[in-house]
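The values are calculated or read from the model by the stated rules, or taken from the named source; none is laboratory data. The model shown is predicted, which means the values in this text are computed figures rather than measured ones. With ideal geometry, Cβ positions are generated from the backbone for all residues, glycine too; neighbour counts draw on all protein chains shown.
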Protein chains: 2
Amino acid sequence: MNTTHTERADADPPVMRVSAVQQPEDRVFAALASPVRREVLRLLRVQGPQPVAELAAHFAMARPSFSEHLKVLREAGLASETKVGRQRLYQLEAVPLHEVQEWLGPFEQFWRAKLAGLSALLDSLEDDES
Amino acid sequence: MNTTHTERADADPPVMRVSAVQQPEDRVFAALASPVRREVLRLLRVQGPQPVAELAAHFAMARPSFSEHLKVLREAGLASETKVGRQRLYQLEAVPLHEVQEWLGPFEQFWRAKLAGLSALLDSLEDDES
DNA sequence: GTGACAGGTAGGAGATTTCCTACCTATAGT
DNA sequence: ACTATAGGTAGGAAATCTCCTACCTGTCAC
């Protein structure tokens with residue numbers, strides 16, 4: 001049948017308003033949106049902690065630009081720095097990535113179904129609340 | 001004279017240049033960067049396929065703005081639409097999320113170590129690059 | 001001390017994102 | 001045919017992102 005009432009829409013259900021202050025989770029997802037920053041995280045993972053210059057060598061951009069990327073990673077909690085002499089060792093902080101993983105978790109059955117060609121299972125899940 | 005001939009930097013190792021054309025993976029991560037779009041994906045997951053109006057009811061924004069968000073999700077391959085009469089049913093397409101999951105995979109041991117308080121293990125992995 | 005080096009901040013240009021209002025297309029019902 | 005509904009596109013304002021050059025701070029070497 002039709003829906004119970006006409007679209008009263010934003011009165012009854014919880015309406016999402018994008019808050020001015022960024023939630024921690026938002027910062028993490030936003031940080032991952034840049035290919036440069038994802039590559040930095042990968043480098044920190046496979047090569048371990050290293051100074052800025054060593055990381056920056058992989059990117060064709062001016063140093064201050066790269067510095068900004070590091071700042072975004074720091075503020076998302078994805079990297080930390082340790083001062084060693086006049087250099088700063090950057091280190092991967094992976095815990096926030098765990099939150100991303102947890103966000104993805106509930107979706108897993110869907111792509112699993114799709115990848116296994118089990119569209120039937122998918123459909124049954126989807127039609128379940130109708 | 002700011003020529004940087006003292007830096008071996010971008011000669012030897014592969015230098016990352018952010019390509020003008022967005023890779024498919026970039027689109028997916030970029031799509032996930034918005035809290036609005038993540039919430040849309042969640043709604044499609046827990047409530048199944050539904051028309052635009054039903055989805056839009058959860059957000060305090062004008063319809064065309066919401067329409068743009070749907071476009072981003074479509075172009076990232078995260079949602080598909082099916083015309084049904086004069087409405088369009090949007091459906092979750094979860095497969096691209098699998099790629100995100102796979103990107104996260106190699107980081108898992110790091111947050112596992114951290115969450116278990118096994119910093120020792122973490123350090124041994126990091127120093128492994130010899 | 002002076003100078004070189006590592007890396008950050010300041011401020012701004014240009015591109016992109018995000019939102020808006022106005023308008024268009026397609027379908028359903030009368 | 002005419003009107004209402006569903007939802008998209010067009011174009012633009014404002015905010016944000018990404019990059020730059022110029023400059024500043026802190027540390028090592030002399």
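Cβ separations smaller than 6 Å between residues 6+ apart or across chains give the following pairs from the range A:21-34 residues that are facing chain B (nearest Cβ under 9 Å) and closer than 10 Å to B:Pro35 by Cα to residues that are more than 9 Å from DNA strand D (Cβ to nearest atom) and of a type in the set (A, V, I, L, M): A:Phe29/B:Leu32. Among the residues of the range B:56-86, those that are under 22 Å from the mean Cα position of the chain (by Cα), more than 8 Å from DNA strand D (Cβ to nearest atom) and not small (Gly, Ala, Ser) comprise B:His58, B:Phe59, B:His69, B:Val72, B:Leu73, B:Arg74, B:Glu75, B:Leu78. Within the set of pairs 6 or more residues apart or between chains, which connect a residue that is part of a strand (DSSP E or B) inside the range A:40-66 to a residue that is of a type outside the set (S, T, N, Q) and more than 8 Å from DNA strand C (Cβ to nearest atom) with Cβ atoms less than 6 Å apart? Note: pairs meeting the criteria are A:Phe59/B:Met16. When each of B:His98, B:His69 is tested for being of a type outside the set (A, V, I, L, M), away from DNA strand C (no atom under 16 Å from the Cβ) and assigned to a helix (DSSP H, G or I), the lone residue that passes is B:His98. Taking each residue of the range B:93-107 that is within 9 Å of A:Phe110 (Cα to Cα) and looking for partners that are surrounded by 19 or more Cβ atoms within 10 Å (Cβ to Cβ) with beta-carbon atoms closer than 8 Å, six or more apart or interchain, yields B:Glu93/B:Leu78; B:Glu93/B:Ala79; B:Ala94/A:Phe107; B:Ala94/A:Phe110; B:Ala94/A:Trp111; B:Ala94/B:Leu78; B:Val95/A:Trp111. Consider B:Phe110 carefully, then state whether it is buried (at least 16 other Cβ atoms within 10 Å of the Cβ), farther than 20 Å from A:Leu115 by Cβ, facing chain A (nearest Cβ under 7 Å) and more than 11 Å from DNA strand C (Cβ to nearest atom). Here the answer is yes, as B:Phe110 does meet what is asked.
Scanning the range A:18-44 for residues that are modelled with pLDDT under 95 and either loosely packed, with under 11 Cβ neighbours inside 10 Å or under 27 Å from A:Ala57 (Cβ atoms) (or both) gives A:Ser19, A:Ala20, A:Val21, A:Gln23. A single entry from A:Ala60, A:Ala56 fulfils the requirement of being near DNA strand C (Cβ under 8 Å from one of its atoms), within 9 Å of another protein chain (Cβ to nearest Cβ) and not β-branched (Val, Ile, Thr): A:Ala56.
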